[in-house]
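Take a look at the structure below.
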Amino acid sequence: MGEAAEGAGSPRRQLLRKAESLAYWLVGAPLVASLPASLAYRVACWRGDWASRSWPEQRSEMIDDLRQVLGDELTLNEAERLTRDLFRFRSCEVIDVMRLRGRARSLARLVEIRGREHLQAALAGGKGAILCTAHYGSHQSVFSLLHASGIPLTTMGRWDWNYDTGVSSIERRFWNLVFARRVLRHRQRPNIEPWPGRVQVAAQAAAALRANEVVTISSDAAPLHAERARAVEMPFLGRQARLMPGVITLAQLTGAPVLMAFAHRSPDYRHQVLEISPPVPLDGQPETAFGRCAAAIEAAIRTSPAQWNFWFEAEVLARLGVLPAPSIGTAALSRQLSCFARVTTGWCRRPWWCPPGWGDQAPHRVRSISSRIPAAAPATWSRRRSRRAVSWGSAPPRCNDQINPRNV
Amino acid sequence: MEAVINDYISREIVQDSSLLPLGNETPLLETGILDSLGLLRLVVFVQDRFDIIVDDLDLVPEHFASVDTICAYLRSQIGKGASQAGSRG
């Protein structure tokens, strides 16, 4: 979803990509999604191929990253095929979002849910259930579909177009219109966004679990600068990665079972399988239990690397520790100098772009964002309630915490 | 009560040992000592330890800003519980 967000290349090409992405989300995908599925997903693949060809810098960076992380298992040809699939999947995910209209039946016909009995058995315990997942496949649409199929579900995750003060209100409205509105239609509560400073989020998740609902958590999210002290290091994709074990802490505090869930797209690009595992054993130390979750995520990524969305985000891979931190090139140096100028003059519009520590040294004159944050979760949620401002925890994240807002 | 809460936060929640010893008036939220999961952990602890129910609506910063404010909130809850029990009896 984030092809238009960042990237090198000439300004003209970047502008063209942004315009194409805008047109695809607003006009192309809604029209294409109304076609028969086989044709709709074929068109999405063509569009993915076009995006791949028109973004050679990103493509070659992804090939390098894939080969660096997956190592000798991957030949150059395989890496190129995976990269092509990454672009295709990204286009298909937009079609999935569009097919959530109405009661989401047009998407439901294409998605098989395996392991539903595990989830129902977990909910029979009366303490809710946590679906531990990753930024893998069309997870947002498939979780909306799971809710539409009768299982009350809420997601935890960061949608930072709501928070990034560098995002214009037009852009924010755009993502709310084309994406958030559609996926949240099929959710029990508003998305729970665990930004630093929002100390009520775990209580919101616990409230959902107490109501015997399902909460999904993507445990492959890279820790933000403010969260590094709580991250644990563990083997992940052949490196010592930094991951957040919050899923296990929440499970231990609430007594909710943790199940793994991944949405796999089939080779025909249109059918998907949501696979839900039996509960993960939580015995032993939290790190040991979380290690089981991380191993399951790694296994899913290695089975089908092209379905992991983070290949589009070298910066996130570096923060995870899966890729070495990039050396300071000209672009990064220029960004840091610009950031330094903004911090020293007290005018910083994107505080979490700052290098570690800088944001803590100078006050950021950021716009108030409290009105954009959905309210603490009520038992049943209406759109009007979602506009209510929260009374606390609305401080923007600080320092080096950028996640591409459009890559959800 | 202050000693119990201070001890629990110092032992179980504070990650950065340079912040210890913790004062009863030290701001817990602004300094980042109490994060989202830390707050939930603290709520579970005080519910067990003092046999009270912390309502979701009570999870506001004024109640959890420091050890002192936490204890003031807990005393009000314990007092409320006692007066309700008295009126029933």
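The values are calculated or read from the model by the stated rules, or taken from the named source; none is laboratory data. A quick note: this is a predicted structure, and the numbers were derived from the prediction, not measured. Virtual Cβ from ideal backbone geometry, glycine too; neighbours counted across all protein chains shown.
Observations on the structure shown:
- The residue that is surrounded by the most Cβ atoms within 10 Å (Cβ to Cβ), counting only those in the range A:222-234 that are aliphatic (A, V, I, L, M) and away from every other protein chain (no Cβ under 14 Å), is A:222.
For (1) touching a helix residue (DSSP H, G or I) at 6+ places or on another chain (Cβ under 7 Å); (2) over 20 Å from residue A:180 (Cβ atoms); (3) of a type in the set (S, T, N, Q), each residue gets a yes or a no:
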position	(1), (2), (3)
A:76	no, yes, no
A:85	yes, yes, no
A:88	yes, yes, no
A:99	yes, no, no
A:115	no, yes, no
A:122	no, yes, no
A:138	yes, no, yes
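- Test: residue B:4 is within 9 Å of another protein chain (Cβ to nearest Cβ), surrounded by fewer than 20 Cβ atoms within 10 Å (Cβ to Cβ), among the hydrophobic types (A, V, I, L, M, F, W, C) and within 12 Å of the chain's Cα centre (by Cα): no
- Single match in A:155, A:165 (criterion: more than 14 Å from chain B (Cβ to nearest Cβ) and within 18 Å of residue B:36 (Cα to Cα)): A:155
- Within the range B:22-43, the residues that satisfy the criterion of being more than 20 Å from residue A:230 (Cα to Cα) and either facing chain A (nearest Cβ under 8 Å) or surrounded by fewer than 16 Cβ atoms within 10 Å (Cβ to Cβ) (or both) are B:23, B:24, B:25.
- Among residues of the range A:147-180 being touching a residue at least 40 places away in the same chain (Cβ under 8 Å) and of a type in the set (D, E, K, R), the one that is farthest from residue A:96 (Cα to Cα) is A:164.
- Screening residue A:35 against (1) of a type outside the set (S, T, N, Q); (2) in a loop (DSSP other than H, G, I, E, B); (3) surrounded by fewer than 12 Cβ atoms within 10 Å (Cβ to Cβ) leaves a single unmet condition, (3).
- Among the residues of the range A:2-12, none qualifies, meaning not one is surrounded by 17 or more Cβ atoms within 10 Å (Cβ to Cβ) and modelled with pLDDT of 90 or more.
Yes or no, residue by residue, for (1) surrounded by fewer than 19 Cβ atoms within 10 Å (Cβ to Cβ); (2) of a type outside the set (Lys, Arg); (3) within 14 Å of another protein chain (Cβ to nearest Cβ); (4) closer than 30 Å to residue A:120 by Cβ:
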site	(1), (2), (3), (4)
A:236	no, yes, no, no
A:243	no, yes, no, yes
A:248	no, yes, yes, yes
A:255	yes, yes, yes, yes
A:264	no, yes, no, yes
A:286	yes, yes, yes, yes
A:290	no, yes, yes, yes
A:306	no, yes, no, no
A:309	no, yes, no, yes
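- Verdict on residue A:199 being assigned to a loop (DSSP other than H, G, I, E, B), buried (at least 23 other Cβ atoms within 10 Å of the Cβ) and within 14 Å of chain B (Cβ to nearest Cβ): yes
- Filter result for residue A:276 (surrounded by 20 or more Cβ atoms within 10 Å (Cβ to Cβ) and assigned to a strand (DSSP E or B)): yes
- Residue match in the range B:44-58 (condition: away from every other protein chain (no Cβ under 11 Å), among the aromatic types (Phe, Trp, Tyr) and within 11 Å of the chain's Cα centre (by Cα)): yes
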